[in-house]
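The numbers here are math on the coordinates, done by the rules we state, and not lab data. All figures in this text were calculated on a predicted structure; none of them were measured in a lab. No Cβ is skipped: glycine too gets one built from the backbone with ideal geometry, and neighbour counts run over all protein chains shown.
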Amino acid sequence: MWPFTKSARFPGVKENTDGTIEFELTAGEAREADRALEMFKGLVVHAEAAERIRNGTIAVALARYAKDKQDDISAIKWYRKAAEQGDFSCQSELGDCFHDGRGVPKDYVEAVKWYRKAADQNLSTAQCTLGCCYRDGQGVAQDYHEAAKWYRLSAENGWAMAQYYLGLCYADGKGVAQNYKEAACWYRKAADQGFSDAEEILGAYYANGQATIDIEDAVDAYKYVRIAEDKGYDGATKTMAVLSALLSPDELREAESRYQEICARKNRLYERVSKIMNGE
């Protein structure tokens, strides 16, 4: 038996008079649980998993533990157990496993099934991924209207990737009426969260006149146009010259500072990715 405080979300649970709960586990499951508990006692490798252990959601915790240990087979087992009990994060993770063929044979239909369960519980990442499945015709018939619907739900929940994808829908007129102003609006929402692709395309929109730069917004728009200029987009250099003439010296210094902050953030990201790729 493995005691926990707080509430349980799984069957086979005994509630004690002292307020603790105990999970009815098989001997093998108990050994896995003990290893996971010791791991998270010593060092919190995965904060979300540690928090879920404290909350008594054992299947979720063990799934995270297995994932951290790169044990796909065990991860699938625990993701499924938690997903079947309604945990939306594990439903989405299980969808990823079927989508990518990680620990199970690749199966887009099964992936969509689990993404939809999580998306119906308003998980932004699952809503966005389900939109991509409709966009690409993976596990479902290709349907740009459905793709845009799910992107919008995720975007309105604040998920930057979905905001960017919804912008693409408006730019290309797929699933929605083509509307560059609306596309720029969603690109801006994603860019303001640091989504790199959106920062670049928004700068290009400002540079070629597809998006209007308001006077009061010129300082912030500067950084996006600078990114477009770095990438060689047509009109970016000319737009930079206009902005530089429009802004006061103090505003120009502030605009350049914001641009440098983006560059520094990207450099930090590249360094982290490089270390991961090199096994550091």
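Miscellaneous remarks
- Computed extension gain for residue 261 through residue 182, at 0.36 nm per residue and net of the alpha carbon distance, reaches 25.8 nm.
- Protection proxy ranking for 196-204, 143-151, using the average of other Cβ atoms within 10 Å per residue and placing the highest first: 196-204, 143-151.
- Charge tally around residue 164: other residues with Cβ under 15 Å, Lys/Arg +1 each, Asp/Glu -1 each, net -2.
- The 3J(HN,Hα) values that the Karplus relation (6.51, -1.76, 1.60; θ = phi - 60°) gives for the stretch 107-117 are, in residue order, 8, 5, 5, 5, 4, 4, 4, 7, 4, 5, 4 Hz. Gly and Pro appear as x.
- Values of log10 I(q)/I(0) for the stretch 86-187 across q = 0.15, 0.16, 0.19 Å⁻¹ run -0.55, -0.62, -0.83, by the Debye formula with one identical scatterer at each alpha carbon and no solvent.
- Legend: distances between Cα atoms for 149/174; 181/238; 113/174; 231/266; 117/149; 174/223; pairs beyond 18 Å are 181/238; 113/174; 174/223.
- Among the trypsin sites (Lys or Arg not before Pro) within the stretch 229-272, those in coil by DSSP and having at most 14 neighbouring Cβ atoms inside 10 Å are 231.
- For the pair residue 157 and residue 250, the difference between a 0.36 nm per residue extended length and the Cα-Cα distance amounts to 29.9 nm.
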